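To start, the structure under review is shown below, and the notes come after it.
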Amino acid sequence: MPGDAWISTSMPYLQPVVGGQGDVWGQEAAARGRRGTQRIVGAGEVPASDVVARLLGLAEGDQVVVRRRIMYLDEQPCELTDSYYPARIAAGTALAGTAKIRGGAVALLAELGYVGRRVREDVTARMPDEEERGLLRTGVDEPVLRLERAILDGGQRAIQADLITMPAHRQRLRYELTMG
């Protein structure tokens, strides 16, 4: 793995931004002397795929709200991030639109009364499809990491699911756990 691979941790993205300002990705990149930006490429209601339904505890085909983003590090695409929310939580909110959300989606969920208390993540590696290769600017022989994340509230109900695709050679995932 190259020495300039991005080391990613999930915790900063699971808590509302203090003061409701800025964007966690931009702040994290800036703290490391880099530039992190994102482009929202789509949002709205869609039927849940089998993977999204499983992560959110819904039936396949149930309506969910999706926000699709391409994340950039120093102007190079580094992640395809699709965040999904049950329609009962997100329909009619800013989560269903393409505008940036002040303080981020986690802050808006908290304002709506939904706070994540538990996170479950699964990471797999695979070869990207043609669309992913084009968006991430990778070669045909470069694998990607796929992170599937479910965020659950205090009642163990899923409030958000993320499907994140990253070029494997440009990422390192770090997990730090505190034992209670």
Handout entry: Pairs with Cβ under 7 Å, 6+ apart, first in region 42-56 and over 11 Å from A87 (Cβ atoms), second in a helix (DSSP H, G or I)
Key = A43/A96
Handout entry: Within region 136-177, strands (runs of 3 or more DSSP E) holding 2 or more residues that are modelled with pLDDT of 95 or more, closer than 18 Å to R117 by Cβ and not aromatic (F, W, Y)
Key = 158-167
Fill in the blank from the handout: Taking region 149-166 and keeping residues surrounded by fewer than 12 Cβ atoms within 10 Å (Cβ to Cβ) and either of a type in the set (S, T, N, Q) or touching a Pro at 6+ places or on another chain (Cβ under 8 Å) (or both) leaves Q156
Handout entry: Yes/no for V51 being surrounded by 13 or more Cβ atoms within 10 Å (Cβ to Cβ), out of contact with any Lys or Arg (no Cβ under 8 Å at 6 or more places or on another chain), at pLDDT 95 or above and not in a strand (DSSP E or B)
Key = yes
Exercise for the section: Considering only residues that are over 19 Å from V123 (Cα atoms), touching a residue at least 60 places away in the same chain (Cβ under 8 Å) and not charged (D, E, K, R), look in region 78-102 and name the one that is surrounded by the most Cβ atoms within 10 Å (Cβ to Cβ). Expected result: Y85
Exercise for the section: Select, from L80, L73, L135, L56, the only residue that is over 23 Å from D153 (Cα atoms) and in contact with a Phe, Trp or Tyr (Cβ under 8 Å, 6 or more places away or on another chain). Expected result: L73
Exercise for the section: Within region 167-180, identify whether any single residue is exposed (fewer than 12 other Cβ atoms within 10 Å of the Cβ), aliphatic (A, V, I, L, M) and either within 25 Å of R32 (Cα to Cα) or touching a Phe, Trp or Tyr at 6+ places or on another chain (Cβ under 7 Å) (or both), and answer yes or no. Expected result: yes
Handout entry: Positions within region 57-76 being at pLDDT 95 or above and in contact with a Lys or Arg (Cβ under 6 Å, 6 or more places away or on another chain), in sequence order
Key = I70
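The values are calculated or read from the model by the stated rules, or taken from the named source; none is laboratory data. Not measured: the values here are computed from a predicted model. Note: ideal-geometry Cβ built from the backbone for every residue, glycine included; neighbour counts use all protein chains shown.
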